[in-house]
Amino acid sequence: MALPNPLNLLSLVTRLKRAPAEHKGNAGKVVLVGGSTGMAGALILAGNACLHLGAGWTILQMLDPASTHVDIQFPELMIQAADQDANAVLIDIKPDVIAIGPGLGKSDLASTWLYASLAHPNSPLVIDADALNLISESKALMSALQQRNQEFPGLTVLTPHPGEAAKLLNCSSEAIQADRVSAIERVVALTGSIVVLKGQHTLIASPENSALECQAGNPGMGTGGMGDALTGSIAAIAAQGVRHHLNLWEATGIAVQLHASAADSLVHQGIGPIGLTPSETILEMRSLLNKLL
């Protein structure tokens, strides 16, 4: 099968340019859900990406109550203990975007928040990591995802790596890698979602859009936390897009391209590929984004 056309959505970044009188409400409110015991760092990374890529508010719903203290390095992050009544919390916060998965785990509380996120109407939703694994293991959650996409088309993006995609499709990761274009098309068909299939030459596809390929990126991105940074970045750009006329497909493509391009930029500066970190990549993404405005 021929490779898909390359991803090229960075020209749309100029829509994010802010008018002089804009305030945090114009940049959107993001709720990020995850951070189970021992995994708080994943949610902090996603939060830092969301913060540095321009969201107006970044609110972390941390599943591990021991990790809900203020992050002294990044006090801008609003860190809250995830309540059992997830629906009530989301109704109260009124998020513009929800992202769930970084460090989420598979507890009952994780499932509660995933059900609530899938049921929350009209807001773009980013689903990553263990949120994807929970869906792959539950017919009820898969049905909830499919129903959400029928009611609110174009408002959900999944960001699986090959292993997570394999679980969704009940096959091996080797089968995913053997034909990545076919694999992403199958995940789109199964879920009705926008899908980002991560890996070398990340792919993005949706029910309305054929697969596109990101040609940027390098092996230095193969480290824990890079996916969390991407999740936070998609959420941040989608949140700004609510009032700056970018839909979730466009916001996702911008984030994917920025993420990979930032990693390449750092390598060109002599930072990596070995030892390249998500935190460094987040700051380089911010720099590239502002240069494009």
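General remarks:
- Candidates 190, 158, 197, 203 - the one that is farther than 26 Å from residue 48 by Cβ and touching a helix residue (DSSP H, G or I) at 6+ places or on another chain (Cβ under 7 Å): 190
- Residue within segment 178-187 that is without any contact (Cβ under 8 Å) to a residue 12 or more places away in the chain, more than 17 Å from the chain's Cα centre (by Cα) and within 25 Å of residue 111 (Cβ to Cβ) present: no
- Residues of segment 138-157 satisfying the condition of being among the small types (Gly, Ala, Ser), under 20 Å from the mean Cα position of the chain (by Cα) and assigned to a helix (DSSP H, G or I): 144
- Residue ID - farthest from residue 133 (Cα to Cα), chosen from residues in segment 169-178 that are open to solvent by 20 Å² or more (accessible area, probe 1.4 Å) and in contact with a helix residue (DSSP H, G or I) (Cβ under 6 Å, 6 or more places away or on another chain): 177
- Restricting segment 191-235 to residues that are closer than 22 Å to residue 281 by Cα, touching a strand residue (DSSP E or B) at 6+ places or on another chain (Cβ under 9 Å) and among the polar types (S, T, N, Q), the residue that is modelled with the lowest pLDDT: 215
- Subset tally (residues that are under 17 Å from residue 290 (Cβ atoms), of a type outside the set (Val, Ile, Thr), touching a residue at least 60 places away in the same chain (Cβ under 8 Å) and assigned to a helix (DSSP H, G or I)) for segment 240-260: 7
- Being farther than 20 Å from residue 212 by Cβ and not β-branched (Val, Ile, Thr) holds for only one residue in 36, 11, and it is 36.
- Verdict on residue 212 being assigned to a strand (DSSP E or B) and open to solvent by 10 Å² or more (accessible area, probe 1.4 Å): yes
- Assessment of segment 209-217 against the conditions (in contact with a Pro (Cβ under 9 Å, 6 or more places away or on another chain), without any contact (Cβ under 8 Å) to a residue 40 or more places away in the chain and not acidic (Asp, Glu)) yields no matching residue.
- Residues satisfying the stated conditions in segment 267-285, i.e. touching a residue at least 40 places away in the same chain (Cβ under 8 Å), over 16 Å from the mean Cα position of the chain (by Cα) and open to solvent by 10 Å² or more (accessible area, probe 1.4 Å): 267, 272, 273, 274, 275, 277, 283
- The requirement of being outside any helix (DSSP H, G or I) and open to solvent by 20 Å² or more (accessible area, probe 1.4 Å) is not satisfied by residue 160.
- Identity of the residue in segment 116-129, assigned to a helix (DSSP H, G or I) and free of Cβ contacts under 8 Å to residues at least 60 places away in the same chain, that ends up most open to solvent (accessible area, probe 1.4 Å): 119
- Number of the exception - residue 145 against (1) under 20 Å from residue 189 (Cβ atoms); (2) open to solvent by 50 Å² or more (accessible area, probe 1.4 Å): (2)
- Taken together, 192, 199 contain a single residue that is of a type outside the set (Val, Ile, Thr), open to solvent by 10 Å² or more (accessible area, probe 1.4 Å) and either closer than 24 Å to residue 264 by Cβ or in contact with a Gly (Cβ under 7 Å, 6 or more places away or on another chain) (or both), which is 199.
- Within segment 14-40, being touching an Asp or Glu at 6+ places or on another chain (Cβ under 8 Å) and open to solvent by 10 Å² or more (accessible area, probe 1.4 Å) holds for 29, 36, 37, 38, 39, 40.
- Annotation: of all residues in segment 79-110 being without any contact (Cβ under 8 Å) to a residue 60 or more places away in the chain and within 23 Å of residue 224 (Cα to Cα), the one that is least open to solvent (accessible area, probe 1.4 Å) is 79.
The values are calculated or read from the model by the stated rules, or taken from the named source; none is laboratory data. Here the structure is a predicted model, which is why all the values come from computation and not from measurement. We place every Cβ from the backbone using ideal geometry, glycine too, and count neighbours over all the protein chains shown. Please note that ligands, DNA and RNA were not included when accessible areas were found on the heavy atoms of the full protein model with its side chains. Shrake-Rupley method; radii C 1.70, N 1.55, O 1.52, S 1.80 Å.
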